[in-house]
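Take this structure first; my questions come after.
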Amino acid sequence: MRERSEDADLLALAAAGDRAAFEVFYRRHAVWLTLRLRYRCADESLVDDVVQETFLDLWHGGAARYRDQGDVTGWLWRIGSRRLVDALRRQGSGHRLGRLLARLRGRDEPSAEEQVLHGVEHGDLAGALARLSPELRAVVQATVLDGLTTAEAAVLLGIPPGTVKTRAMRARRQLRQELA
């Protein structure tokens with residue numbers, strides 16, 4: 001009973017912005033919530049994310065929703081378990097969407113990368129690259145061959161990231177036409 005009232009007091013202090021009270025509450029409950037959720041879900045990283053989200057929600061105003069009626073741990077468990085169910089639903093819908101997109105991709109035209117690889121086998125890739133303007137070739141070199149991100153390529157080439165994207169799009173279009 002004493003711990004229950006201490007937990008309620010900690011939540012009230014946390015709701016008022018007391019970081020130390022929130023840290024005590026977190027240390028007291030994060031481990032058991034994590035362990036209990038792992039009995040429901042084998043994906044440890046998903047459970048860790050759910051626990052993190054649960055406590056972040058409490059810190060960002062959720063602690064104020066506790067109405068000192070009943071067990072704090074039961075209240076916390078309901079929040080965490082509902083978040084886990086939501087996360088599993090999102091994960092399931094994401095997998096279903098991925099499978100659907102994979103099936104639809106089979107009906108679409110090949111990607112630029114697939115066309116370039118096809119051009120390597122059946123076309124003159126070196127010649128097509130040589131026919132690109134120096135600006136487009138530099139972007140292809142940086143983003144495709146060197147594997148840099150758009151932001152990294154922009155710094156390397158000294159141009160804005162939007163320009164890198166535009167030139168990459170133009171280069172893909174030109175290569176697609178030449179290698180088709």
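The values are calculated or read from the model by the stated rules, or taken from the named source; none is laboratory data. Note that the coordinates shown come from a computational prediction; the quantities given were computed from them, not determined experimentally. Here the Cβ positions follow ideal geometry from the backbone for every residue, glycine too, while neighbour counts run over all protein chains shown. Areas reflect the complete protein model, heavy atoms only, side chains present, ligands, DNA and RNA absent. Shrake-Rupley method; radii C 1.70, N 1.55, O 1.52, S 1.80 Å.
Residues in region 67-90: is at least one in contact with a helix residue (DSSP H, G or I) (Cβ under 7 Å, 6 or more places away or on another chain), surrounded by fewer than 13 Cβ atoms within 10 Å (Cβ to Cβ) and either modelled with pLDDT of 85 or more or basic (K, R) (or both)?
no
Restrict the check to region 164-180 and report whether at least one residue is of a type in the set (S, T, N, Q), part of a loop (DSSP other than H, G, I, E, B) and open to solvent by less than 80 Å² (accessible area, probe 1.4 Å).
No, because not a single residue in region 164-180 is of a type in the set (S, T, N, Q), part of a loop (DSSP other than H, G, I, E, B) and open to solvent by less than 80 Å² (accessible area, probe 1.4 Å).
Working only within region 123-156, note down all residues that are of a type in the set (V, I, T) and in a helix (DSSP H, G or I).
Result: V139, V140, T143, V144, T150, V155.
Is it the case that region 9-26 has a residue that's under 24 Å from the mean Cα position of the chain (by Cα) and modelled with pLDDT of 85 or more?
Within region 9-26, none of the residues are under 24 Å from the mean Cα position of the chain (by Cα) and modelled with pLDDT of 85 or more.
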